[in-house]
Structures are given as structure tokens and as C-alpha cells.
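Got a structure for you, questions after.
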Amino acid sequence: MHRLLAGAVLVGVPLSAVALPSVHPDSMLPPRAPAHAPAAPATPSAAMEQFAARWTADDRVGVTALLADSVALLGRSPLVGREAVLGWARQQMASTGALRITREAGHRLGDQAYEVGRWSLELAGAAGVEHGGHLFRFQRRRDGTWKIIEMYIINDPAAAGTTGQ
């Protein structure tokens, strides 16, 4: 037993009689981020850029990292929760290529923000390109990073197809 604890008493029980768990020094360190984890977004605009880049790269882990646990995908068939939204995203990512976004407007008020813009999405093979609009809402976390809390994605009427909600 460690010298500083020798003879110590815990609520009337000698500490020498208490079994203490063995602790490995590495277990005291904070968990490390995976080597592939990009920096967390410091602004809503950065989060949108990362979303498009990670989508294009088919980086499902990266897309997941940008979504709040209670994220909602709004539209004809609303989905609520990270797993539900990821199910939709996996289907879409499997049949698409590069996602490009253009920011048209945005506003930040305290720990809330939104970004409005246009998107274009290459479809797999030679199926063409779809276009539409989006509104994403963000919330800043205690660590200063921004997470997507709501997504509203629509296709242009002339281009309605597989990617919009």
C-alpha cells in the first residue's frame, strides 16, 4: 500500500482492509480523438463546408460527428434522431457523388444559427445532377463547436428525384 495511505481510516474501516482497484496510468488520460477525425467546426459555415466535404468523401463517421443526437430532418417524411437521419443519409450517399453547397444567407444569435443556401448533387454513374435548396439550423456546444440540429432539404420542382425529403 502507498505510504501516504498507510494507517488511513475510511469511515471507521482501516484503509488497509479496503480493496482498491488497480488503475493503469493511461486510464487517467482523456480519450484520444481518432487519427482520421478532422477538427470540429468552429462556425456554422465551417460545419456546412465539412458536411459537404464529408458527404462527397462518403465519410459516414465524419457526417455523424456533425449531427446532434436529436437532429431532425424535416420535410414530407420527417425523421428525428441521429440514427434515423443517418439511415436516410446512408441511402443517399450510396447513390450520389459530389455535394456542392452555396450559402445564400445565414444568421447567428447566441448559441443558435441557421444557414440557407442551394445545393447540387451528382448522381451515381451518368444519371445527372440534382439541385435544390436547404436550411440547416445549428447549436453551439459548450466546447464551442457547432452541431446540426435541424435540416430541411428540398429538390427543385423540375429536378424532383431521389435525394430530397
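Collect the residues in region 83-99 that are surrounded by 14 or more Cβ atoms within 10 Å (Cβ to Cβ) and part of a strand (DSSP E or B), keeping them in residue-number order.
Across region 83-99, the qualifying residues are 96, 97, 99.
Check residue 148 against each of (1) in a strand (DSSP E or B); (2) loosely packed, with under 13 Cβ neighbours inside 10 Å and name the one condition it does not meet.
Going through (1) in a strand (DSSP E or B); (2) loosely packed, with under 13 Cβ neighbours inside 10 Å one by one, residue 148 breaks only (2).
Of the residues 103, 60, only one is modelled with pLDDT under 95, among the basic types (Lys, Arg) and more than 12 Å from the chain's Cα centre (by Cα); which?
The conditions single out 103.
For region 71-102, give me each residue that is in contact with a strand residue (DSSP E or B) (Cβ under 7 Å, 6 or more places away or on another chain) and polar (S, T, N, Q).
Passing the criteria: 95, 96, 102.
Given (1) touching a Pro at 6+ places or on another chain (Cβ under 9 Å); (2) in contact (Cβ under 8 Å) with a residue 24 or more places away in the chain; (3) not small (Gly, Ala, Ser), where does residue 55 come up short, assuming only one miss?
Failing condition for residue 55: (1).
The values are calculated or read from the model by the stated rules, or taken from the named source; none is laboratory data. As the structure is a computational prediction, the values presented were derived from the model and not from experiment. Virtual Cβ from ideal backbone geometry, glycine too; neighbours counted across all protein chains shown.
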